[in-house]
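Structure first, then comments.
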């Protein structure tokens, strides 16, 4: 059985140590990236919650604005109706006066 020399063994051990160091460095980098992704995921969840809340608030404000716009339009239509009724009353009164009633 052929054995390996001490020098070959030391060279092999040195290469294994270097490989282990590189692997450990990659694992640390991956752990950092994983932590960053986790933080990003948490931030995205918070952002989604905020956007959902803003959308609900905007929907409520939109409904209130529409109600205010309709109320002003309704009041305007009612005022115009009163003016038209008054004008019709004046015209009818004038016609009756002209014909002697």
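Rule-based calculations on the coordinates, nothing more; no lab input. Keep in mind it's a predicted model, so treat the numbers as computed, not measured. Here Cβ is always computed from backbone atoms with ideal geometry, including for glycine, and neighbour counts include all displayed protein chains.
Cα-based Rg (one decimal) and Dmax (whole number) for the range 1-50, in Å?
Considering the range 1-50 through its Cα atoms, Rg and Dmax are 21.4, 71 Å.
In deg cm²/dmol and to the nearest 500, what is the mean residue ellipticity at 222 nm of the chain if only DSSP H runs of at least 4 residues count, each as -39500 (n - 2.57), divided by the residue total?
Value at 222 nm, helices only: -36000 deg cm²/dmol.
Extension gain residue 101-residue 23, at 0.36 nm per residue separation less the Cα-Cα distance, in nm?
17.0 nm
Each label point is 7 Å from the Cα along the Cα-to-Cβ direction; what then is the distance between the points at residue 14 and residue 85, in nm?
It is 10.7 nm.
What is the angle, in °, between the Cα long axis of helix 6-99 and the longest principal axis of the Cα atoms in the chain? Nearest 10 is fine, range 0 to 90.
It is inclined by approximately 0 degrees.
Which value in nm describes the separation of the simple spin-label points at residue 32 and residue 69, placed 7 Å from the Cα toward the beta carbon?
5.3 nm
Return P(r) of the chain (all Cα-Cα pairs; 10 Å bins starting at 0; whole %; ordered from short to long distances).
11, 13, 11, 10, 10, 9, 8, 7, 6, 5, 4, 3, 2, 1, 0
Please list the equivalent ellipsoid semi-axes of the range 37-80, computed as the square roots of five times the alpha-carbon gyration tensor eigenvalues, in descending order and whole angstrom.
42, 5, 4
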